[in-house]
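> Structure incoming, see below.
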There are 2 protein chains.
Amino acid sequence: MAIKIGKRTIGLENRPSIISYGSIVGKKEHEGPIGHEFDQFITDSFFGQKSFEKAESQLQKTAVETALKKANLSPENIDKIFAGDLLNQCIGSSFGLREFGIPFIGLYGACSTMALSTALASIFVDCGAAENAIAVTSSHFCSAERQYRFPLNYGSQRTPTAQWTVTGSGALIISKAEHKPYIDKITFGEIEDYDITDVNNMGAAMAPSACSTLKNFFEDTNTTPEDYDVIYTGDLGSVGTLLLYELMEREGYDLKCRHADCGLLIYDNEGQDAHAGGSGCGCSASILASFIMHRFESGDFKNILFMSTGALLSPTSSFQGESIPGVSHLINIKI
Amino acid sequence: MAIKIGKRTIGLENRPSIISYGSIVGKKEHEGPIGHEFDQFITDSFFGQKSFEKAESQLQKTAVETALKKANLSPENIDKIFAGDLLNQCIGSSFGLREFGIPFIGLYGACSTMALSTALASIFVDCGAAENAIAVTSSHFCSAERQYRFPLNYGSQRTPTAQWTVTGSGALIISKAEHKPYIDKITFGEIEDYDITDVNNMGAAMAPSACSTLKNFFEDTNTTPEDYDVIYTGDLGSVGTLLLYELMEREGYDLKCRHADCGLLIYDNEGQDAHAGGSGCGCSASILASFIMHRFESGDFKNILFMSTGALLSPTSSFQGESIPGVSHLINIKI
């Protein structure tokens, strides 16, 4: 059974565990400061396919295959797959995963999807609705630019607050098998909209939702940032991170002492021209399924928070003058 | 706890119940054969908004407000909202629901989303992760045509196998409060791809997944179509329905005796020029949250299957020559 803790947090009783993980990234991510952490990397943006979108599907398929292989499991051993991406109609997932024959639960939470998929997979395993479940997401710089901004061929200039969509995918296998680390608590986020309309400033659009979910979690669990080894956010980047610090300070929490942002880990922002940092569903996913899991294995981490942050915009909504709502989902991973 | 039944089916022990529901449709749906069943209808496609997309968000918001009002609940009483639609980046849901302040779980299953959202809400309530949860989806003829086909102003001609996207939304409130009817079993679907590439023939693309999910459910539960009052599919339309009968017959099941398709109920296909029938996330949602629930209330129904059917295509994937995978999720509703 799941237990409601406070207003918004869910406690899991049966310790759904991360028994395996797989990651794959692009060339730029491989050349970044944590490039050696990922299982695989591609040097060709097309990954042998005919389009960037098909390449993204291939990334997701490869991340899942890697996680399965490491756990010595086959698709028949998996009860459910929770997946999503940034592409219209989530084709990164549906086309990437169609051959596995695993019941498919499609998600859309923009860049918050990795925490969302892991949270749902954990609840399913915890309550007995699945024995083994996979959580996976992906993004691709070239498919995202074409869809949200401009085709790369246009050579558009990026603003200083703009972030660089990560080419990559990360997959976790969550299982009832006793294994460390496990998902202990979950806080699903509310949609927060502070009327940000600049589509080149995702960090500012997402920071309010990150603050809201973190505040709910700390209040529900009666804990503070100091109680955790690290608090990871998904892809707030440099702009969103500073805003989050400010918003959390107003709520009485000093986040700086424990915080790291996946979007600020993946590139050397100046040397690699990534501007405000990395972003995309594949950013927090590939880092969770490599860098973070490695630190649990080495014993560096015992208790962390992982919160992916999502901007729920669409090119259509922005053309129609809408602001950009944000949503952030949080999981507490422990040994 | 949830119990795994057979290979793919999940049984719920705590009888998560549908305690309230709300529906709203457009003018054409209101003028159809079951038009009197819906709570509300709009006569202006813009619903007082400046775009079809904003109108769709308004539909979803209204369906939720209606369900809340009928149950005498406010948004603070709701733990989670599970929502999705057909628009890119699911903006029908994120913009329609942002003001409620309810933790938001965004879903994408194309037209299968209403069964998906209801299934997830039921599992959350069953396992204690939520006391009250909402499941809601929407679609809008004009926003769907603009996005998937052509802007209406082009006056494009529709093919005989084409379906008409329903303008409408339906919302359910699922609760642990003991109340009839309740969700007893769930089967999440696998992605099935029979290499259909005709984007004007969604029925054919979805029928294989409908067959696969139904077959899994019947095998897991050791039941046959005759054991249920009615088996509803979401929006197979006239073409997909005949294909499903044929596929099920090959598996040894006679579906005809018990089957109804929401896409064939909502319009007078000839008189209303709907061709092969209705479709869209709002089709099965608005019918479940009205027509079907009314028959449970009157005592006509005691045990039904409700399976929404989704075609996981995107205009981009079709332009790139991809086929159309389908996915269908099933819930068993009982008194």
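The values are calculated or read from the model by the stated rules, or taken from the named source; none is laboratory data. Quick caveat, the model's predicted, so the values are computed rather than measured. Heads up, the Cβs are rebuilt from the backbone with ideal geometry, glycines too, and the neighbour counts pull from every protein chain shown.
> Let me confirm something: among B:ILE18, B:ILE42, B:ILE81, which residue is modelled with pLDDT of 95 or more and surrounded by fewer than 24 Cβ atoms within 10 Å (Cβ to Cβ)?
Exactly one of B:ILE18, B:ILE42, B:ILE81 is modelled with pLDDT of 95 or more and surrounded by fewer than 24 Cβ atoms within 10 Å (Cβ to Cβ), namely B:ILE42.
> Oh, and also: Residues being of a type outside the set (Ser, Thr, Tyr) and assigned to a helix (DSSP H, G or I): count how many of those fall in the stretch B:36-80.
Final tally of qualifying residues: 22.
> Failed condition for A:ARG146, given (1) within 13 Å of chain B (Cβ to nearest Cβ); (2) over 23 Å from A:SER17 (Cα atoms); (3) surrounded by 24 or more Cβ atoms within 10 Å (Cβ to Cβ), with all others met?
Answer for A:ARG146: the failing condition is (3).
> Tell me which of these B:LEU264 doesn't satisfy, since it passes every other one: (1) farther than 23 Å from A:GLU76 by Cα; (2) in a loop (DSSP other than H, G, I, E, B).
Only one criterion in (1) farther than 23 Å from A:GLU76 by Cα; (2) in a loop (DSSP other than H, G, I, E, B) is unmet by B:LEU264, namely (2).
> Tell me whether the stretch A:277-296 contains one or more residues that are aromatic (Phe, Trp, Tyr), within 25 Å of A:PRO181 (Cα to Cα) and outside any helix (DSSP H, G or I).
Within the stretch A:277-296, none of the residues are aromatic (Phe, Trp, Tyr), within 25 Å of A:PRO181 (Cα to Cα) and outside any helix (DSSP H, G or I).
> Sort through B:LEU107, B:LEU73, B:LEU12 and tell me the only one that's modelled with pLDDT of 95 or more and farther than 30 Å from B:THR221 by Cα.
Criteria check complete, one pass: B:LEU73.
> Evaluate the stretch A:199-212: report whether one residue or more is touching a residue at least 40 places away in the same chain (Cβ under 8 Å), aliphatic (A, V, I, L, M), in a loop (DSSP other than H, G, I, E, B) and over 16 Å from A:GLU249 (Cβ atoms). Give the steps one after another, and end with the answer.
Step one: filter the stretch A:199-212 for residues touching a residue at least 40 places away in the same chain (Cβ under 8 Å), giving A:199-212.
Filter once more, keeping what is aliphatic (A, V, I, L, M): A:199, A:202, A:204-207, A:210.
Going one step further and asking which of them are in a loop (DSSP other than H, G, I, E, B), we end up with A:199.
Cutting the leftovers down to over 16 Å from A:GLU249 (Cβ atoms) gives us A:199.
Yes; the residues of the stretch A:199-212 include at least one that is touching a residue at least 40 places away in the same chain (Cβ under 8 Å), aliphatic (A, V, I, L, M), in a loop (DSSP other than H, G, I, E, B) and over 16 Å from A:GLU249 (Cβ atoms).
> Continuing with this model, one more query. Kindly indicate whether B:ILE134 is part of a strand (DSSP E or B), within 18 Å of the chain's Cα centre (by Cα) and under 21 Å from B:ASP39 (Cβ atoms). Explain how you work it out, then say what you get.
Numbers: part of a strand (DSSP E or B): yes; within 18 Å of the chain's Cα centre (by Cα): yes; under 21 Å from B:ASP39 (Cβ atoms): yes.
It is true that B:ILE134 is part of a strand (DSSP E or B), within 18 Å of the chain's Cα centre (by Cα) and under 21 Å from B:ASP39 (Cβ atoms).
> Given the conditions (1) more than 13 Å from chain B (Cβ to nearest Cβ); (2) at pLDDT 95 or above; (3) closer than 27 Å to A:SER314 by Cβ, and given that A:ILE173 satisfies all but one, which numbered condition is not satisfied?
(3)
Residue-wise test of (1) within 20 Å of A:GLY109 (Cβ to Cβ); (2) away from chain B (no Cβ under 14 Å).
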| residue | (1), (2) |
| --- | --- |
| A:ASP268 | no, yes |
| A:ALA276 | no, yes |
| A:ILE292 | yes, yes |
| A:PHE296 | no, yes |
| A:PHE301 | no, yes |
| A:ALA311 | yes, no |
| A:PHE319 | no, no |
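> Continuing with the same structure: Would you check which residues across the stretch A:227-253 are of a type in the set (Gly, Ala, Ser) and without any contact (Cβ under 8 Å) to a residue 40 or more places away in the chain and list them?
First, the residues of the stretch A:227-253 that are of a type in the set (Gly, Ala, Ser): A:234, A:237-238, A:240, A:252.
Selection gives A:SER238, A:GLY252.
> Continuing with this model, one more query. A:GLN89: free of Cβ contacts under 8 Å to residues at least 24 places away in the same chain, within 21 Å of the chain's Cα centre (by Cα) and within 13 Å of chain B (Cβ to nearest Cβ), yes or no?
Here the answer is yes, as A:GLN89 does meet what is asked.
> I've got another one for you. Taking B:LEU305 as the residue in question, decide whether it is under 25 Å from B:LYS70 (Cα atoms), out of contact with any helix residue (DSSP H, G or I) (no Cβ under 6 Å at 6 or more places or on another chain) and aliphatic (A, V, I, L, M).
Here the answer is yes, as B:LEU305 does meet what is asked.
> Taking the stated definitions as given, is A:LYS256 touching a residue at least 12 places away in the same chain (Cβ under 8 Å) and among the charged types (D, E, K, R)?
When the stated conditions are applied, A:LYS256 does not pass them.
> Does the stretch B:235-255 contain at least one residue that is touching a strand residue (DSSP E or B) at 6+ places or on another chain (Cβ under 6 Å), closer than 23 Å to B:ILE18 by Cα, part of a loop (DSSP other than H, G, I, E, B) and within 14 Å of another protein chain (Cβ to nearest Cβ)? Let's see the steps before the verdict.
Initial filter on the stretch B:235-255 (touching a strand residue (DSSP E or B) at 6+ places or on another chain (Cβ under 6 Å)): B:235-236, B:241.
Filter again for closer than 23 Å to B:ILE18 by Cα, leaving B:235.
Then drop every residue that is not part of a loop (DSSP other than H, G, I, E, B), which leaves B:235.
This time we only want the ones that are within 14 Å of another protein chain (Cβ to nearest Cβ), so: none.
No.
> Also, I was wondering about something else. Here are A:SER328, A:SER279: which of them is under 21 Å from A:LYS28 (Cα atoms), at pLDDT 95 or above and in contact with a strand residue (DSSP E or B) (Cβ under 6 Å, 6 or more places away or on another chain)?
A:SER279
> So which of B:SER112, B:SER94, B:SER122, B:SER156 is buried (at least 24 other Cβ atoms within 10 Å of the Cβ) and either at pLDDT below 95 or touching a His at 6+ places or on another chain (Cβ under 7 Å) (or both)?
Result of the check over B:SER112, B:SER94, B:SER122, B:SER156: B:SER112.
> Something else about it: For the condition over 30 Å from A:ASN77 (Cα atoms), at pLDDT 95 or above, surrounded by 15 or more Cβ atoms within 10 Å (Cβ to Cβ) and more than 14 Å from chain A (Cβ to nearest Cβ), what is the one hit in B:ALA55, B:ALA63?
B:ALA63
> Right, next: Might you check whether a residue that is crowded, with 24+ Cβ neighbours inside 10 Å and of a type in the set (Ser, Thr, Tyr) occurs anywhere in the stretch A:242-258?
No: zero hits.
> Can you find a residue in the stretch B:11-19 that is closer than 21 Å to B:PHE104 by Cβ and more than 14 Å from chain A (Cβ to nearest Cβ)? Break it down stepwise before answering.
Restricting attention to the stretch B:11-19, the residues satisfying the condition of being closer than 21 Å to B:PHE104 by Cβ are B:16, B:18-19.
Cutting the leftovers down to more than 14 Å from chain A (Cβ to nearest Cβ) gives us B:18-19.
Taking every residue of the stretch B:11-19 in turn, at least one turns out to be closer than 21 Å to B:PHE104 by Cβ and more than 14 Å from chain A (Cβ to nearest Cβ).
> Name the single residue that is nearest to the other protein chains (Cβ to nearest Cβ) among those in the stretch A:28-52 being among the charged types (D, E, K, R) and free of Cβ contacts under 8 Å to residues at least 24 places away in the same chain.
Residues of the stretch A:28-52 among the charged types (D, E, K, R): A:28-29, A:31, A:37, A:39, A:44, A:50.
Narrowing the set further to residues that are free of Cβ contacts under 8 Å to residues at least 24 places away in the same chain leaves A:44, A:50.
Working: A:ASP44: 18, A:LYS50: 7 Å.
Checked the stretch A:28-52; the qualifying residue nearest to the other protein chains (Cβ to nearest Cβ) is A:LYS50.
> Quick check: anything in the stretch A:37-49 within 20 Å of A:GLN147 (Cβ to Cβ), small (Gly, Ala, Ser) and out of contact with any strand residue (DSSP E or B) (no Cβ under 9 Å at 6 or more places or on another chain)?
Yes, some residue in the stretch A:37-49 is within 20 Å of A:GLN147 (Cβ to Cβ), small (Gly, Ala, Ser) and out of contact with any strand residue (DSSP E or B) (no Cβ under 9 Å at 6 or more places or on another chain).
> Just to verify a result, which residue in the stretch A:303-324, among those that are in a loop (DSSP other than H, G, I, E, B) and out of contact with any strand residue (DSSP E or B) (no Cβ under 7 Å at 6 or more places or on another chain), is farthest from A:ALA260 (Cα to Cα)?
A:GLN320
> Could you check the stretch A:176-198 and list, in sequence order, the residues that are away from chain B (no Cβ under 12 Å) and modelled with pLDDT under 95?
Once the filter is applied, which keeps residues that are away from chain B (no Cβ under 12 Å) and modelled with pLDDT under 95, the stretch A:176-198 yields A:ALA177, A:GLU178, A:HIS179, A:LYS180, A:ILE196, A:THR197, A:ASP198.
> Let me ask something else. Any idea which of B:GLY101, B:GLY189, B:GLY106, B:GLY170 is at positive phi and either touching a Gly at 6+ places or on another chain (Cβ under 6 Å) or in contact (Cβ under 8 Å) with a residue 12 or more places away in the chain (or both)? Can you show your working first?
On the way: B:GLY189 fails: at positive phi; B:GLY106 fails: at positive phi; B:GLY170 fails: at positive phi.
Exactly one of B:GLY101, B:GLY189, B:GLY106, B:GLY170 is at positive phi and either touching a Gly at 6+ places or on another chain (Cβ under 6 Å) or in contact (Cβ under 8 Å) with a residue 12 or more places away in the chain (or both), namely B:GLY101.
> What are the pairs, 6+ residues apart or on separate chains, where a residue within the stretch B:115-127 that is at the interface with another protein chain (Cβ under 7 Å from one of its Cβ atoms) and touching a residue at least 24 places away in the same chain (Cβ under 8 Å) has its Cβ under 6 Å from a residue that is crowded, with 24+ Cβ neighbours inside 10 Å and assigned to a helix (DSSP H, G or I)?
As it stands, the answer is B:CYS127/A:CYS127, since those pairs meet every condition given.
> Report whether or not B:THR161 is in contact with a helix residue (DSSP H, G or I) (Cβ under 6 Å, 6 or more places away or on another chain), in contact (Cβ under 8 Å) with a residue 40 or more places away in the chain, surrounded by fewer than 24 Cβ atoms within 10 Å (Cβ to Cβ) and β-branched (Val, Ile, Thr).
Details: in contact with a helix residue (DSSP H, G or I) (Cβ under 6 Å, 6 or more places away or on another chain): yes; in contact (Cβ under 8 Å) with a residue 40 or more places away in the chain: yes; surrounded by fewer than 24 Cβ atoms within 10 Å (Cβ to Cβ): yes; β-branched (Val, Ile, Thr): yes.
Against the criterion (in contact with a helix residue (DSSP H, G or I) (Cβ under 6 Å, 6 or more places away or on another chain), in contact (Cβ under 8 Å) with a residue 40 or more places away in the chain, surrounded by fewer than 24 Cβ atoms within 10 Å (Cβ to Cβ) and β-branched (Val, Ile, Thr)), B:THR161 qualifies.
> Right, another one. For the stretch B:101-114, which residues satisfy the criterion of being of a type in the set (Phe, Trp, Tyr) and either part of a loop (DSSP other than H, G, I, E, B) or more than 8 Å from chain A (Cβ to nearest Cβ) (or both)?
Listed by number, the list holds a single entry, B:TYR108.
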